[in-house]
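Written below as structure tokens is the structure these notes are about.
Coordinate-derived values only; no laboratory data. These numbers come from a predicted model, not from an experiment. For neighbour counting, all protein chains shown are included, and Cβ atoms are generated from backbone atoms with ideal geometry for every residue, glycine included.
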Amino acid sequence: MVSTMTRSGGRPATPPARRSGRRRSWAARLVRLVVSVAVLGALLLVAGWEVTPSVDDAAARVAGQLSAHSAPALQGPVPPRVADALIATENSRFYSSRGLDPISVLRAPIGVLSGKDPGGATLEQQLAKNLYEQGSMSLLSRAAEGVLALKLDRTWTKAQILRMYLDDGYYGNGFYGLTSASRGYFGMAPAKLSWAQASLLAGLFQAPSAYNPLVHPAAARARQAHVLDRLIAVGTLTRAQADSVGRESWGLRTAG
């Protein structure tokens, strides 16, 4: 007669066949859950597409924001240094994404529960929030923001979205739009910004008042260091180049 093997605690060991069956059961449940979530997401997307507004007027909304603050629109191409610094910091997969980042979608419920922005949103999501959802953190607004981000990606080119994002941004110290910030902080056109100046401005989007270089230069310098680290991470700058940029003067028009 064959005896039943026991664990060290004296209880009978779970037969291998039973353990294998449990694993298959959990795997099947997980697959069903993933499929259910995908189907629900697709249904919500279809419904959301119908109830959210068109984004054909996005550029007009940005122009209206600039006009309301007597700020000029960006002229000419988007400055490459500003674009690179912004994308590396805010949305490194900007050119390959279709308006949504799966990780940010999963983080959205956390933001709703905590009342804080969990980060990770694409430039399209952030632009949609500013232009159409007035920065609301409600679950309904976050869902609408995601649909609107997809619409922005479908309606506008990446170059146009980037331009709108930079023009719609607030850079602290009363400066709205890239041109106003470039002239206000440095007394020059955006196309002439150095790496030091471009990386400083790119860092202001997260908290323009807290990182205002005229009021909080130490915080602004720390934030700029993060931007430079991101430029290294995506391969735009080497460590030596970033260190050199970090030592450069910003050339601010007025000392804080």
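Counting charges near ALA233 (Lys, Arg +1; Asp, Glu -1) among other residues having Cβ under 15 Å from its Cβ returns a value of -1. For ALA222 and ALA68, the difference between the fully extended length at 0.36 nm per residue and the C-alpha to C-alpha distance is 52.3 nm.
Need the full-extension length gain, ARG93 to GLU248, defined as separation in residues times 0.36 nm minus the C-alpha distance. One decimal, nm.
Numbers: separation 155, 0.36 × 155 = 55.80 nm, distance 2.82 nm.
Once the chain is fully extended between ARG93 and GLU248, it gains 53.0 nm.
Near MET188, once Lys and Arg are set to +1 and Asp and Glu to -1 for all other residues with Cβ below 15 Å from its Cβ, the sum equals +3.
Rounded to the nearest 0.05, what FRET efficiency is calculated for ASP56 and SER25 with R0 set to 41 Å and r the Cβ-Cβ distance?
Details: r = 50 Å, r/R0 = 1.21.
The calculated FRET efficiency here is 0.25.
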